[in-house]
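Laboratory data are not the source of any read-out in this text; all were calculated from the coordinates shown. Quick caveat: nothing in here was measured; it's all calculated off a predicted structure. Using ideal geometry, Cβ is built from the backbone for each residue, glycine included, and neighbour counts are taken over all protein chains shown.
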């Protein structure tokens with residue numbers, strides 16, 4: 001468990017997220033490198049800065065948002081590989097949902113709070129098997145959303161993230 005994996009995970013996340021997007025069918029709306037306009041506005045307001053178009057966000061701002069809103073508070077405390085897998089899910093479905101799905105995978109109470117029980121179950125799990133099981137849980141979640149326009153992309157991303165997470169533990 002280490003903070004050292006944030007940069008490697010972020011590089012992969014940015015590869016998955018791509019550049020600017022404004023798909024009218026995507027509930028996230030206007031997005032840059034995976035950061036939605038809504039998230040960017042909230043982040044800028046919290047720093048007493050005026051809102052502006054997310055497409056003008058600097059790389060430093062994007063990285064800070066990913067670190068503060070999606071990597072923390074759990075990324076530094078999760079095993080390598082799983083930290084990236086969890087980070088990816090937190091970005092796609094929110095940190096609470098990522099925690100609930102991790103807890104479901106571990107067979108502990110699904111309260112969305114990663115505390116001593118969840119951490120104990122994490123420490124007892126074999127990393128490669130946990131990555132596979134969490135990916136299976138993520139895939140089931142995406143399928144349950146019943147959004148065929150996006151399902152294939154989400155499932156492809158699951159495969160990409162799973163493969164890279166497993167490479168991180170070797």
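Structure above, values below:
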quantity	calculated
Pairs with Cβ under 8 Å, 6+ apart, first in the stretch 8-25 and free of Cβ contacts under 8 Å to residues at least 24 places away in the same chain, second surrounded by fewer than 16 Cβ atoms within 10 Å (Cβ to Cβ)	22/29
The stretch 15-40 - residue that is touching a helix residue (DSSP H, G or I) at 6+ places or on another chain (Cβ under 8 Å) and part of a helix (DSSP H, G or I) and, of those, surrounded by the fewest Cβ atoms within 10 Å (Cβ to Cβ)	16
Members of the stretch 41-57 found to be touching a strand residue (DSSP E or B) at 6+ places or on another chain (Cβ under 6 Å) and outside any helix (DSSP H, G or I), listed by number	57
Residue count for the stretch 68-98, restricted to those that are more than 24 Å from residue 170 (Cα to Cα) and in a helix (DSSP H, G or I)	9
Breaking point among (1) more than 24 Å from residue 136 (Cβ to Cβ); (2) surrounded by fewer than 21 Cβ atoms within 10 Å (Cβ to Cβ); (3) over 13 Å from the mean Cα position of the chain (by Cα), for residue 77	(1)
